[in-house]
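Report on the structure given below.
Values in this text are rule-based calculations from the coordinates and carry no lab data. For clarity, every value in this text was computed on a predicted model and none was experimentally measured. Cβ placement follows ideal geometry from the backbone for every residue including glycine, while neighbour counts extend to all protein chains displayed.
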Amino acid sequence: MTVIRLQQITDLSHHFADPFIKAGDRVVDATAGNGKDTIFLVEKVGPSGLVYAFDIQQEALKGTEQVLREAGLTDRVRCICDGHENMIDYIEDPVNAVIYNLGYLPGGNHEITTTRETTEKSLKTAFELLASGGVVMIVLYPGHPAGQEEKEMLLPLCRSLDPDHFSSVHLYLLNKTGIPPELIAIQKNHF
Ligand SMILES: C[S@@+](CC[C@H](N)C(=O)[O-])C[C@H]1O[C@@H](n2cnc3c(N)ncnc32)[C@H](O)[C@@H]1O
């Protein structure tokens, strides 16, 4: 049985995404990092699915590839060393989910982080690529300066989405000290 911890925002991101992803789907890990989201997605889409995993750091993708090799799951993933803002160059068909875990690589260089500009460009592409009923999950970290800038871009953008086409939800822990991470979930409405 999978243990879901409300205090772990990435658990919540997976929990929210879970019912929307099925075997055979095409999905995107927009920030592969150490591969935890990639593994979650790979297991969900199964042998007939495909995961596009983006990261700008070769070091991060090496970590992701290692985790995938250990799990024997390399064949369902396309690891792409490029910014997610360029995902349109790699993906032609609609996707069922796009997962972001913004910020910097844990244990890596904290100067290399997602940014307001690239995240905004990427998200707008993700909205275009999403299949009917597909979802975007965004874990954001407003406790660091680039994360705060992303939040200032994300909330108005998600609030302004046309309700006839998209639904968006915002979650965060009320009883955590400091500035806790947050989750934004967006669905392209069924048509
Ligand atoms: C918080 S980590 C991701 C953690 C990862 N999802 C996991 O499960 O381990 C954020 C990652 O985003 C990457 N990143 C930063 N800017 C990016 C961009 N424009 N496109 C894709 N990845 C980017 C960083 O290199 C870093 O590895």
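Could you work out the longest stretch of the chain that avoids the GluC sites (Glu not before Pro) located in DSSP loops with at most 11 other Cβ atoms within 10 Å? Numbers along the way, then the final one.
Numbers: sites that count: Glu92, Glu111.
The longest uninterrupted stretch comes out as 1-91.
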Straight-line reach from Lys22: which lysines fall under 26 Å, measuring Cα to Cα and dropping same-chain residues less than 8 apart? Lys36, Lys44, Lys124, Lys188
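Where does each of Tyr172, Tyr100, Tyr52 land when they are ranked from fewest to most other beta-carbon atoms within 10 angstrom? Before the final figure, lay out each step's value.
Working: Tyr172 15, Tyr100 26, Tyr52 23.
Neighbour counts put them in this order, fewest first: Tyr172, Tyr52, Tyr100.
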Rg/Rh of the chain (Cα atoms, Kirkwood Rh), to two decimals, equals 0.93
Helix-derived mean residue ellipticity, 222 nm - over the chain, DSSP H n ≥ 4, -39500 (n - 2.57), to 500: -10000 deg cm²/dmol
Give the relative contact order (percent, whole number) for the chain; include only Cα pairs under 8 Å separated by 6+ residues. 20
